[in-house]
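Below is one structure, written out as structure tokens; the observations come after it.
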Amino acid sequence: REVAFRTPTFVLTVDGRGSFDEASRLARRGIAVSVGTFYAPETMRRLGLSDGAIRVGLVHYNTKEEIDSLFAALQES
């Protein structure tokens with residue numbers, strides 16, 4: 001498939017915060033993310049991510065404000 005039809009997706013963790021707790025916190029702010037091992041539990045374990053990771057997918061209709069809101073929420077303590 002062409003690159004134009006792909007969804008930019010990345011996974012992340014937040015230092016000092018569990019992935020499930022962080023995903024719940026983001027959800028309370030209206031930010032939808034996925035969380036888990038994404039069918040790769042052994043890979044996550046070897047990466048030291050026993051709590052999994054947060055997956056964020058951004059698409060063409062996400063606004064700059066939504067992306068800024070995600071980054072601001074991730075930087076909050």
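The values are calculated or read from the model by the stated rules, or taken from the named source; none is laboratory data. Note that the coordinates shown come from a computational prediction; the quantities given were computed from them, not determined experimentally. Methodologically, a virtual Cβ is constructed for each residue, glycine included, from the backbone with ideal geometry; neighbour enumeration extends over all protein chains shown. When the accessible area is computed, the model is the full protein with side chains, heavy atoms only, and any ligands, DNA or RNA have been set aside. Shrake-Rupley method; radii C 1.70, N 1.55, O 1.52, S 1.80 Å.
Of note:
- Using the empirical formula 2.2 N^0.38 Å as the baseline, the Cα radius of gyration of the chain reaches a ratio of 1.17.
- Sequence-distant residues sharing a close amide H with Val35 (under 5 Å, placed H): Arg55
- Projecting the Cα positions of Ala23, Asn62, Ala40 onto the charge dipole of the chain (unit charges on Cβ atoms of Lys, Arg, Asp and Glu, taken about the Cα centre) puts Ala40 furthest along the positive direction.
- Estimated distance in nm for a label pair at Asp68 and Asp21, the labels positioned 7 Å out from Cα along Cα-to-Cβ: 3.0
- Calculated accessible area for the chain comes out at 75 Å² per residue, all protein chains present (probe 1.4 Å; ligands, DNA, RNA ignored).
- Whole-percent carbon and sulfur share, accessible surface of the stretch 17-77, 1.4 Å: 54
- The chain, relative contact order [Cα under 8 Å, separation at least 6], %: 37
- Simple Cβ-charge dipole of the stretch 1-52, Lys/Arg +1 and Asp/Glu -1, about Cα centre, in debye nearest 20: 120
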